[in-house]
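Right, one structure below, let's go through it.
Quick note: the coordinates plus some simple rules give every number you see, no bench work behind them. Because the structure is predicted, anything quoted here is derived from the model rather than measured. Please note: Cβ atoms are built from the backbone with ideal geometry, for glycine as well, and neighbour counts cover all protein chains shown.
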Amino acid sequence: MLSLLGILNHAEVVSDFVDTPSRKSRFDELMDACDSEFEKAVLQKISDLGLPLSTNTQKTISKVDVPIAKPDFEYCENGTSLLIFVDGPDHDKESVKREDEIKRTQLDLMGYNIFVVRYDEDLEKQVFRLGKKLGYSQVPKLLTNLKQKDQTWKT
């Protein structure tokens with residue numbers, strides 16, 4: 001028995017376990033990269049409703065080394081990208097509207113799919129539409145929230 005304990009005392013533990021970033025740490029990384037409080041609110045709502053977190057955030061999209069745009073979030077899957085732009089009040093200025101239209105048209109011509117989240121529209125409904133665009137026909141947490149709101153509004 002003592003010889004077994006002696007062997008175990010000098011044994012080395014080897015594991016094939018690979019530590020991968022958890023959803024929480026990935027969420028924190030994305031949150032830290034957000035440029036505005038509204039972007040953080042959008043990311044929080046995506047997480048709260050159980051949608052997958054974006055693949056990239058604040059990644060500049062270029063064409064032949066010329067920067068085109070920097071979407072707030074990007075989902076990449078099977079060779080296609082869905083770019084998410086989170087538009088706050090500054091995007092209502094005429095000059096910014098024109099720039100957005102030019103950039104987003106270029107991205108569209110480059111084969112990117114674009115989704116815009118606006119500050120002046122219901123955030124939950126927009127994230128629900130995002131979920132559908134990502135291929136989720138139902139977002140259970142959102143459906144529950146909307147049903148509860150409907151009941152509150154009816155009383």
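Scanning the range 49-63 for residues that are touching a helix residue (DSSP H, G or I) at 6+ places or on another chain (Cβ under 7 Å) and assigned to a loop (DSSP other than H, G, I, E, B) returns Leu49, Gly50, Leu51, Leu53, Ser54, Gln58. The residues of the range 64-92 that are in a loop (DSSP other than H, G, I, E, B) and either surrounded by 11 or more Cβ atoms within 10 Å (Cβ to Cβ) or under 13 Å from the mean Cα position of the chain (by Cα) (or both), listed by number, are Lys70, Pro71, Asp72, Gly88.
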